[in-house]
Amino acid sequence: MSAGAHLNDLLDNLALLIAGVTLITFTYRPGSAPDSLARLSVRYAATVALGLYLMLHSVTLAPGLIFDFRAVVIALVARRYGVLPALLVALPLAAYRLFLGGPGAGPALLQLVLVAVLGAWGTGWIQLRTPFQAEPLTRRLWRPVPLFAGANLIYFLAFAAAGRSSVDALPIYFASTLLSALGLFVAFEVKHSRLRTLARTTHLGYLAAVDPLTGCYNRRQFDQDLPGQDGTGSLLLLDIDHFKRVNDTYGHGMGDRVLIALGEALQANVRASDRVYRLGGEEFAVLFSGLYTTRMEEVAERLRQAVEAQVATAVPLAGAGITFSGGLVPVQGDSTHVLHAADQQLYAAKHAGRSRICGTVKAA
């Protein structure tokens, strides 16, 4: 086969690699939640299929020695998920290489193992929850070179097994190392670009849904979440008593510290399934999802007392205490009516002397 035909086959293999990695990146989604088993299974099957397809379009470098970008697929998995997932992808590829036979089959299997181990350097044995981390271009550019420079030393073993001189392996070693490094760089850039886009989407979604001062969800997110309750939840509106006095006496900087401390205390004292919102100013809301096994009035009052104590510790004000009033209602019916009912209960708590929760919700 001519050099031009070899080059065309290599370019075709590289194009298949890029197209396959691009398709696999569409199995990623925004957010930091762990992938479901179904999503991981689809991604695994697609990755194995890509590796096998690349092997079907391999290029013969020497008798018994073939080249393709299957090792790049293993390296991508190892770099993101660790040694064990990379070996799991390598297993069917290795089985197919054994089926093809030839003196290079054994060294090819060892090469896949080396790529899995060396490619996962710094990642570990297994890491399925992998938040996006941007890497500088220089690191992305040069990291593939030592990986394949080490893994491709196996070519010398393959030539020795075939009874050929190691000098004959040098051009193939350097060519395969540079080609594999180039393939990994390009494939990683495709994945890196996709993950960076998803990370930016997640961040923009976070900015749109979260209050920048307190880290609680904002009014916009509250208006979206409240109508979605299933009728078993509860809404607690919470308001800082005499907050204007805090701003007037200690300054708005101290007022912000109180708001931040309140948001942190609320989030620390509710369940993971509950959500805390800052509706505006000194008014906060808690959406309790589902039913508690105790009376909601007791739950809300314990929350108020715990938050009151924690805020007083976090932001001590000389000669003044910080108290909270709240209105508690079940989330049933029209969301506008629910919010109005909670406002009425909050007003009742203020009118009754503040530092209390008014409202009733039936327990489970």
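The values are calculated or read from the model by the stated rules, or taken from the named source; none is laboratory data. Quick caveat, the model's predicted, so the values are computed rather than measured. Please note: Cβ atoms are built from the backbone with ideal geometry, for glycine as well, and neighbour counts cover all protein chains shown. Areas reflect the complete protein model, heavy atoms only, side chains present, ligands, DNA and RNA absent. Shrake-Rupley method; radii C 1.70, N 1.55, O 1.52, S 1.80 Å.
Karplus-derived 3J(HN,Hα) values for the stretch 139-146, using 6.51 cos²θ - 1.76 cosθ + 1.60 with θ = phi - 60°, are 5, 5, 7, 9, 4, x, 5, x Hz; glycine and proline are entered as x.
If R0 equals 25 Å, the separation of the Cβ atoms of ALA46 and SER273 corresponds to a calculated FRET efficiency of about 0.15. For LEU23 and ASP334, a Förster radius of 45 Å and the Cβ-Cβ distance give a FRET efficiency of 0.50, rounded to the nearest 0.05. Surface exposure of the chain, expressed per residue as accessible area with a 1.4 Å probe, stands at 49 Å². Only one residue of LEU100, ALA169, THR336 has its Cα farthest out toward the positive end of the dipole of the chain, where Lys and Arg carry +1 and Asp and Glu -1 on Cβ, and that residue is ALA169.
Let me check against my output: what whole-number percent is the relative contact order of the stretch 42-128, with C-alpha pairs under 8 Å and at least 6 apart? That works out to 34 percent. Helix 335-351 and the long axis of the chain differ in direction by around 50°, with both axes built from C-alpha atoms. For the stretch 182-296, the equivalent ellipsoid built from the Cα gyration tensor has semi-axes of 35, 22, 11 Å, listed from largest to smallest. Across the stretch 232-245, coupling constants 3J(HN,Hα) worked out from phi with the 6.51/-1.76/1.60 Karplus curve, θ = phi - 60°, read 9, x, 9, 10, 10, 8, 10, 9, 6, 6, 6, 5, 4, 5 Hz, and Gly and Pro carry x.
Close amide H partners of THR323, meaning residues 5 or more places away or on another chain with modelled amide H under 5 Å apart, are ASP241. Dimensions of the stretch 242-364 from C-alpha coordinates, computed as largest minus smallest value along each principal axis and given longest first, are 42, 27, 22 Å. In a simple Cβ point-charge model (Lys, Arg +1; Asp, Glu -1; nothing else charged), the chain has a dipole of about 600 debye relative to its Cα centre.
Backbone amide hydrogens, once placed in the peptide plane, bring VAL361 within less than 5 Å of MET296, GLU297, excluding anything fewer than 5 places away on its chain. The trypsin sites (Lys or Arg not before Pro) of the stretch 100-196 that meet both conditions, a loop assignment by DSSP and at most 12 other Cβ atoms within 10 Å of the site Cβ, are ARG129. Viscosity 1.306 mPa s, temperature 10 °C: what is the translational diffusion coefficient of the chain from Stokes-Einstein with a Kirkwood Rh over Cα pairs, rounded to a whole number of µm²/s? The estimated diffusion coefficient comes to 64 µm²/s. Expressed as a whole percent, the accessible area of the stretch 70-189 that falls on carbon and sulfur atoms is 74 (1.4 Å probe). Dimensions of the stretch 212-269 from C-alpha coordinates, computed as largest minus smallest value along each principal axis and given longest first, are 43, 21, 21 Å. Counting every C-alpha pair in the stretch 80-124, the share spaced more than 14 angstrom apart comes to 45%. Take CYS216: with every protein chain present and a 1.4 Å probe, its accessible area is about 0 Å².
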